[in-house]
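Take a look at the structure set out below.
The values are calculated or read from the model by the stated rules, or taken from the named source; none is laboratory data. Nothing here was measured: the structure is a model prediction, and the numbers come from that model. Neighbour counts are summed over all protein chains in view; Cβ atoms, including those assigned to glycine, are modelled from backbone coordinates with ideal geometry. Calculation scope for accessible area: heavy atoms of the full protein, side chains included, ligands and nucleic acids excluded. Shrake-Rupley method; radii C 1.70, N 1.55, O 1.52, S 1.80 Å.
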Amino acid sequence: MNQIYKQKHELWLAIAFTSFAINDEKIKSKLYDFSQIAFRHMKWISSELLLAGENYNYDREMQLCKKESLFELIEDLKIKVEAIQNHYPHTRLGSRCRSDDAYLLEYLTSLLGNEQNNHPITAFNRECIYEEKNLSKEQIDALTLFLFEESYKEYELVLVYAYMQARTDDVLQFSVFEDLIAESHFHLKSFGNMMAKLGILALPRELHEMSYVIHDLEKFVRNGIAEEEAAKEMCRELSSKIKDEELSKFFDFINEQESYHIALMQRLLETDISNEAAMTNLDFDEFWSGVDI
């Protein structure tokens, strides 16, 4: 199961970043939905690992597939989806994963069956031109730095919050982590799509274990608040540097979302979080045995 978790982590990234790379909005949206399903698979696999007394990490070996046509991207993604199929366990969860992947494979095959879908991919061309906007080199450089730093931060937060959420049975903590995970997904998607428009799409660097194995929850939350404050400052600086009303408003919008993230984490500080989060004792097989479906 540890190996399956690693493969599913890599597959989630592969589907998400393929969606970022594609210009066609309909295909992009559909693939991103599939990436969210893959992330839920990760969540469920991690729960079963913890219930079995095992652990998992965020190590990965994948490389981003950098192709020049949509068909090349889709072919590569098909190979990645097919590679995991025989590794799923023969359980209800394994069956669900196989079924979801089978539908994804059908969708990918249907895309390949229509030559009109085979558009050029510009996400990796490094042209550093953002749509039709007339941004100076200084503005492009500032935007590029922000996107690289913040896409890593959001990827890190998705995984760190998921790691913490899997280990708590506290309702408030679970709810706050759920909101923060969803928000970080949205930011990662937004920044990934922007990187693709610039032609600089790249995977965030791998997480070190020290980033997500948390022993002091209160310290973790306080550090998280400080990190959100730093992100807000970066948004403010970028908004002032980018002389484009649409982009400036977008970064003001992100800035306000970061403010609410701080408010969510401050809610945790108002409760007793001195003890390390406890893992739930729910047994999945026992749960499903009582469900009539």
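I'd like the residue in the range 61-90 that is part of a loop (DSSP other than H, G, I, E, B) and open to solvent by 50 Å² or more (accessible area, probe 1.4 Å) and, out of all such residues, is nearest to Trp44 (Cα to Cα). Taking the candidates together, the pick is His90. For the range 125-143, indicate whether the set of residues that are modelled with pLDDT of 95 or more, surrounded by fewer than 21 Cβ atoms within 10 Å (Cβ to Cβ) and within 21 Å of the chain's Cα centre (by Cα) is non-empty. Looking through the range 125-143, none of the residues is modelled with pLDDT of 95 or more, surrounded by fewer than 21 Cβ atoms within 10 Å (Cβ to Cβ) and within 21 Å of the chain's Cα centre (by Cα). Restricting to the range 92-111, name every residue that is of a type in the set (A, V, I, L, M, F, W, C) and open to solvent by 40 Å² or more (accessible area, probe 1.4 Å). Scanning the range 92-111 gives a single hit, Ala102.
When Tyr5, Tyr32, Tyr56 are checked against the criterion of being part of a loop (DSSP other than H, G, I, E, B), touching a helix residue (DSSP H, G or I) at 6+ places or on another chain (Cβ under 7 Å) and aromatic (Phe, Trp, Tyr), Tyr56 stands alone in meeting it. So is Glu54 over 30 Å from Met210 (Cβ atoms) and either assigned by TED's automatic domain parsing to the domain that holds Phe191 or charged (D, E, K, R) (or both) or not? So Glu54 does not fit the description; no. Of all residues in the range 207-229, those that are part of a loop (DSSP other than H, G, I, E, B) have Cβ atoms under 7 Å from Cβ atoms of residues that are open to solvent by less than 70 Å² (accessible area, probe 1.4 Å), 6 or more apart or on another chain, in Leu207/Tyr58; Leu207/Glu156; Leu207/Leu159; Ile214/Met164; Ile214/Phe220. The condition of being closer than 30 Å to Ala166 by Cα and open to solvent by less than 50 Å² (accessible area, probe 1.4 Å) does not hold for Leu238. Right, Glu183: of a type outside the set (S, T, N, Q), free of Cβ contacts under 8 Å to residues at least 60 places away in the same chain and touching a His at 6+ places or on another chain (Cβ under 9 Å) or not? Judged against the criteria, Glu183 is not a match. For the range 169-204: of the residues being at pLDDT below 95 and assigned to a loop (DSSP other than H, G, I, E, B), which is least open to solvent (accessible area, probe 1.4 Å)? By that ranking, first place goes to Asp170. Within the range 188-222, being charged (D, E, K, R) and over 15 Å from the mean Cα position of the chain (by Cα) holds for Lys197, Glu209, Asp216, Glu218, Lys219, Arg222.
For the range 260-283, check the following and say yes or no: at least one residue is modelled with pLDDT of 50 or more, open to solvent by 70 Å² or more (accessible area, probe 1.4 Å), assigned to a helix (DSSP H, G or I) and out of contact with any Leu (no Cβ under 9 Å at 6 or more places or on another chain). Checking the range 260-283: at least one residue is modelled with pLDDT of 50 or more, open to solvent by 70 Å² or more (accessible area, probe 1.4 Å), assigned to a helix (DSSP H, G or I) and out of contact with any Leu (no Cβ under 9 Å at 6 or more places or on another chain). Applying a threshold of 7 Å to beta carbon distances and a minimum spacing of six or more residues, or different chains, the list of pairs starting in the range 26-45 at a residue that is open to solvent by less than 10 Å² (accessible area, probe 1.4 Å) and ending at one that is small (Gly, Ala, Ser) reads Leu31/Ser19; Ser35/Ala16; Ser35/Ser19. Going by the conditions given, is Tyr103 among the hydroxyl-bearing types (Ser, Thr, Tyr) and touching a residue at least 40 places away in the same chain (Cβ under 8 Å)? So Tyr103 does not fit the description; no.
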